[in-house]
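Asks: Before I ask anything, let me first share the structure, which is written out below as structure tokens.
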Amino acid sequence: MAEPSAYPPVTTRIEADDVRRFSEAVKADPDAGVPPTFAAVYAIRHGIHQMLADASLAIDPARLLHGEQDIVWDRHPRVGDTVTARSRVISDVQKGSLRFLTVESVAIDQDGDRVCVARAVMAVRS
């Protein structure tokens, strides 16, 4: 890959109803605040969708496998925060019959302070 793909920022407001529904789905206590895995909603999901829509990467979604993900937090968001994630493909490597793409999303809050850096590795079968 000559140049990493960078995508426009996506802004998400952390709403109480969304946090409650997500918490219930992952069996977390909705009164305990925003679950750490909620980063999949405001950071990882958008980056993966943007990567899939990137025609220059020519990814067939039917051949896509979720490999791994990791999230490093500066702080967890709170209900009412507005979080903006900026995503980019930071790695595109072919290994045998699998192509591994890593998308990184850096999320900041409404004050411009970093909330987290999330990375997801996706494998694409040849």
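None of the figures in this text is laboratory data; all of them are computed from the coordinates on show. Just so it is clear, the structure is predicted and the values come from calculations on it, not from any experiment. Note that each Cβ is placed from the backbone with ideal geometry, even for glycine, and that neighbours are counted across all protein chains shown.
Asks: Nearest 20 debye, what's the magnitude of the dipole of the range 10-125 about its Cα centre given +1 on Lys and Arg Cβ and -1 on Asp and Glu Cβ?
Replies: Roughly 480 debye, rounded to the nearest 20.
Asks: Before anything else, pin down the relative contact order of the chain: Cα pairs under 8 Å, at least 6 apart, normalised by residue count, whole percent. Provide the component values of the computation, followed by the final result.
Replies: Working: 254 pairs, mean separation 40.1, N = 126.
32 percent.
Asks: Under a GNM of the chain (C-alpha, springs under 10 Å), which listed residue has the highest mean-square fluctuation: PRO77, PRO36, PRO61?
Replies: PRO61
Asks: Determine, for each peptide in 117-125, 12-20, the mean count of other beta carbons within 10 angstrom over its residues, then list the peptides with the highest first. Before the final figure, lay out each step's value.
Replies: Numbers: 117-125: 18.7, 12-20: 15.0.
Per-residue Cβ counts within 10 Å, averaged per peptide and sorted highest first, yield 117-125, 12-20.
Asks: Let me ask you something else. Send over the per residue convex hull volume for the range 10-125, Cα only, as a whole number of Å³. Kindly include the intermediate steps, with their values, before the conclusion.
Replies: Details: hull volume 12.3 nm³, N = 116.
Considering the Cα atoms of the range 10-125, their hull volume per residue is 106 Å³.
Asks: Now, a different point. Report, in degrees rounded to the nearest 10, the 0 to 90 angle that the Cα long axis of helix 16-25 makes with the longest principal axis of the chain.
Replies: Helix 16-25 sits roughly 60 degrees off the main axis of the chain.
Asks: Which residue, VAL10, PRO61, VAL83, has the largest displacement toward the positive end of the dipole of the chain when charges sit on each Cβ (Lys, Arg +1; Asp, Glu -1)?
Replies: PRO61
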